[in-house]
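Take a look at the structure set out below.
The values are calculated or read from the model by the stated rules, or taken from the named source; none is laboratory data. Just so you know, these numbers come straight off a predicted model, no measurement behind them. So basically every Cβ, Gly included, is an ideal-geometry build from the backbone, and we count neighbours across all protein chains shown.
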Amino acid sequence: MALIQCQFYSEVLNLSTSMTVILPQQTASQIGMQNNKKGDLHQTLFLLHGFSDDDTIWTRRTSIERYVAPLGLAVVMPQVHHSFYTDMKYGNKYWTFLTKELPSIAQSLFPLSPAREDNFVAGLSMGGYGAFKWALNRPDQICAAASLSGVTDIVKHIKHSDLAPVFSLVFGNEDISGTEHDLFSLIKDTHTNEQKPVLYQCCGTEDFLYEDNIYFKQLCEQTSYNLTTDFGPGNHEWGYWDQKIQDVLTWLPLRR
């Protein structure tokens, strides 16, 4: 595998930013690694970071590079700061950056497939929210999405979190219930769409977001969405996410 720290300019953000990219590389003599490259254009996992992290965190806290090596899967990890993957009320347009500019730039710089069936998204905590938000709003881009300990009830999170100053910058003082930001509303409003992503959801039973994740599961079960769930012992920490990202990779509809 090739690990690339990519600094680039974003027209949407009007600033220089970064993404960490893992690209498949076929090797035969690398000790302790089973690398695999499939074709010229790679299937891609957009892997999203949490609230306190950045684009480097998945490579620093997990063995994601080693996990994807035998799969021939590219991984793109963007930097979005505290944006909750949203066009901020008082800040930058990170939703537009994520869903429009980032895929275009990444596919122009690296050999990544633009086909819907070759693009997936996953994330943890704030990134789990971003992954589901992306897939539910843009099923034409994403065919599978995974949330690890995700913020599924953003409306409740805004009301009861100690991050009020951040949320005021992101969403202003508006009630976002029933909007494109509200995952519960999105699930109910989009389940009759002909084109839908498959979903994967996991959360530890000791996680402070566990009850919200259970409610999201219950809502999904009332719709036609294909949701795979994994609830068991675990907390909001990297040992859990390092294990569960491996389960996500097994679950993804990859070309085997």
>> Checking Ile31 against (1) of a type in the set (A, V, I, L, M); (2) in contact (Cβ under 8 Å) with a residue 12 or more places away in the chain; (3) assigned to a loop (DSSP other than H, G, I, E, B), only one condition comes out false. Which one?
In response: (2)
> Any idea how many residues of segment 7-24 are in a loop (DSSP other than H, G, I, E, B), out of contact with any Gly (no Cβ under 7 Å at 6 or more places or on another chain) and surrounded by 15 or more Cβ atoms within 10 Å (Cβ to Cβ)?
Replying inline: 2
> If you take the residues of segment 222-252 that are of a type in the set (A, V, I, L, M, F, W, C) and free of Cβ contacts under 8 Å to residues at least 40 places away in the same chain, which of them is farthest from Val121 (Cα to Cα)?
Replying inline: Phe231
> Given the structure, is Lys244 surrounded by 15 or more Cβ atoms within 10 Å (Cβ to Cβ), assigned to a loop (DSSP other than H, G, I, E, B) and of a type outside the set (Phe, Trp, Tyr)?
Replying inline: no
> Is it the case that segment 62-69 has a residue that's surrounded by 15 or more Cβ atoms within 10 Å (Cβ to Cβ), under 17 Å from the mean Cα position of the chain (by Cα) and free of Cβ contacts under 8 Å to residues at least 60 places away in the same chain?
Replying inline: no
>> So the check is Cβ under 7 Å with 6+ separation or different chains; which pairs have a first residue in segment 151-179 that's charged (D, E, K, R) and a second one that's buried (at least 18 other Cβ atoms within 10 Å of the Cβ)?
In response: Asp153/Phe184; Asp153/Asp212; Lys156/Asp212
>> Tell me which strands (runs of 3 or more DSSP E) are completely within segment 59-172 and hold 1 or more residues being farther than 19 Å from Tyr225 by Cα, or say none if there are none.
In response: 74-78, 119-124
> Does Asp212 satisfy the condition of being within 17 Å of the chain's Cα centre (by Cα), acidic (Asp, Glu) and either crowded, with 19+ Cβ neighbours inside 10 Å or modelled with pLDDT of 95 or more (or both)?
Replying inline: no
